[in-house]
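*Asks:* First the structure, which I've put down as structure tokens, then a few questions once you've had a look.
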Amino acid sequence: MIARSVEKSRPPRLWAGQALHAVCLVLLLAALWWAWVGLGRPVPRAFWLAAFTPVIHQIYVWLTWRFELNAKTISQSIGFGGYLIGFFALFCARFVTLFLLAWLDRGSAGLSLWLQLALTIACAVPGIYAMASVHLYFGMQRAVGADHFDPKYRAMPLVKQGIFRFTDNGMYVYAFLLFWAIALGFNSAAALAVAAFSHAYIWVHLLATERVDMAYLYRD
């Protein structure tokens, strides 16, 4: 019991949880490769650019969070503002590269117009609502990891408004449906495969990186 208490009082080391991250990433990339081959290897450059952008983004978050928790490296170099620039540049790149892939591969999924429209709306509405809820009630800075930089965020209460009335994890459950909406909107099988990969991979981040950090940040 004492050993666990001491362990939680120390910031997680750089590699804590990352064996799980690595194993899951390899398995997800293997599944994505299999899907890409099964689809006839469509637009390879756009496909793998859209696939690896989330990987780069989530590795960026893992490294910056852990360096900050252990030595305040980010605060003392580029600062929280610099971290935000990198975060949102990569976050936007996820949408841009998926949009490009969906456009180049449009029509390949073969969905009927009405089914395509219904599924797109079914994904877009909760996705937009989730993003709006994060902006209005949770705060974008808090959502992207401000608690790793400023202790005041750790004392804030749980949000139970907007999308958070239904789940404590509105971002990962609902906001990522926007990627599905893009793929469905263009009726693209390749983009659907990447959207599925991206949505699954964010849960790897939750389990391998975020929950490990939360055990330290919210130990009290």
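The values are calculated or read from the model by the stated rules, or taken from the named source; none is laboratory data. Because the structure is predicted, anything quoted here is derived from the model rather than measured. FYI the Cβ positions are ideal-geometry reconstructions off the backbone, even for glycines, and counts take in every protein chain you see. Just so you know, the surface numbers come from the protein's heavy atoms only, side chains and all, with ligands and any DNA or RNA stripped out. Shrake-Rupley method; radii C 1.70, N 1.55, O 1.52, S 1.80 Å.
*Asks:* Go ahead and run the numbers for FRET between His135 and Trp103, Cβ-Cβ distance against an R0 of 22 Å, rounding to 0.05.
*Replies:* For R0 = 22 Å, the calculated efficiency reads 0.25.
*Asks:* Another question about this same structure. Counting helices only, and only those DSSP H runs with n ≥ 4, report the 222 nm mean residue ellipticity of the chain as the sum of -39,500 (n - 2.57) divided by its residues, in deg cm²/dmol to the nearest 500.
*Replies:* Only helices count here, giving -21000 deg cm²/dmol.
*Asks:* Let me ask you something else. Between 0 and 90 degrees, rounded to the nearest ten: what's the tilt of helix 113-133 against the longest Cα principal axis of the chain?
*Replies:* 20 degrees
*Asks:* With a Förster radius of 25 Å, plug the Cβ-Cβ distance of Lys152 and Leu63 into 1/(1 + (r/R0)^6) and report the FRET value to the nearest 0.05.
*Replies:* 0.60
*Asks:* Calculated FRET efficiency, Ser77 and Arg41, Cβ-Cβ r, R0 41 Å, to nearest 0.05?
*Replies:* Between Ser77 and Arg41 the formula returns 0.50.
*Asks:* Once both labels are modelled 7 Å past Cα along the beta-carbon direction, what's the Ala215-Ser112 spacing in nm?
*Replies:* Placing both labels 7 Å beyond Cα along the Cβ direction yields 5.0 nm.
*Asks:* Mind checking the full-extension length gain between Leu207 and Ile128? Use 0.36 nm per residue of separation minus the Cα-Cα distance, one decimal, nm.
*Replies:* 26.0 nm
*Asks:* Taking the Cα centre of each part, how many Å lie between the stretch 11-75 and the stretch 95-166?
*Replies:* So the separation of the two Cα centres works out to 19 Å.
*Asks:* Can you give the angle from 0 to 90° between the axis of helix 189-205 and the longest principal axis of the chain, with both taken from C-alpha atoms, to the nearest 10?
*Replies:* 10 degrees
*Asks:* Could you order peptides 178-187, 137-146, 208-217, 36-45 by the average number of other Cβ atoms within 10 Å of their residues, highest first?
*Replies:* Top of the packing list down: 178-187, 208-217, 137-146, 36-45.
*Asks:* In terms of solvent-accessible area of protein heavy atoms at a 1.4 angstrom probe, what is the ranking of Tyr172, Tyr83, Tyr129, highest value first?
*Replies:* I get Tyr129, Tyr172, Tyr83, largest accessible area first.
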